[in-house]
1. Just the residues that are more than 21 Å from THR9 (Cβ to Cβ) and modelled with pLDDT under 85, please, taken from the range 45-60.
2. Only one of these is open to solvent by 20 Å² or more (accessible area, probe 1.4 Å), at pLDDT 80 or above and of a type outside the set (Ser, Thr, Tyr): VAL120, VAL128, VAL170. Name it.
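The values are calculated or read from the model by the stated rules, or taken from the named source; none is laboratory data. Computed from a predicted model, the values in this text were never measured in an experiment. FYI the Cβ positions are ideal-geometry reconstructions off the backbone, even for glycines, and counts take in every protein chain you see. Calculation scope for accessible area: heavy atoms of the full protein, side chains included, ligands and nucleic acids excluded. Shrake-Rupley method; radii C 1.70, N 1.55, O 1.52, S 1.80 Å.
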Amino acid sequence: MDFGTSILTDELVSCRLSGEFPAPATVLSDGTWAAGSGSDAPGALTGAGCVTGNAGTPGLYTVTGEPTLSVNITLNSEAQTDNFTFSPDSACAVDYDNASTAASGAELCGALTVGTPSAVNLPGASDVLALTGPGAAAAGGIGYFSVGGTISTLAGGLTSDTPYTATFLVNVIY
């Protein structure tokens, strides 16, 4: 995940990086994002703490297990060591249906809520349109979830030309 150089250093402002995506085909087989539009498009930045017109890159993560296995994914905020807070409040995980046709439409990216376990099924051998592009077969047992979130600066703001690292925890229970 990368907000890039798109965060203002002003104090007490927020910038949200969208980690949602409207359809599985927006993530390509090499793990990169396809183009999107609007404030919820992957990488869209919104808020008074964002540089207007810029975009970031949401994080794309994998969960590996037995095909069709149900897993629980929980995102958790963590205290930051610098002068900002980060909440992974823009995230989703793909729940696969093990169907052999795209017409099932069940490979949906469901929202992940901070602190709340979300049950999702890993893809089976029959899943299609599973984050590898239209008509492509999913890799059995390899599921995807994306994370964006909101950075809020605290009193005093941030220092220009300084790299900052935001941390968060992901719990996956098989």
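1. Within the range 45-60, LEU60 is the sole residue that qualifies.
2. VAL170
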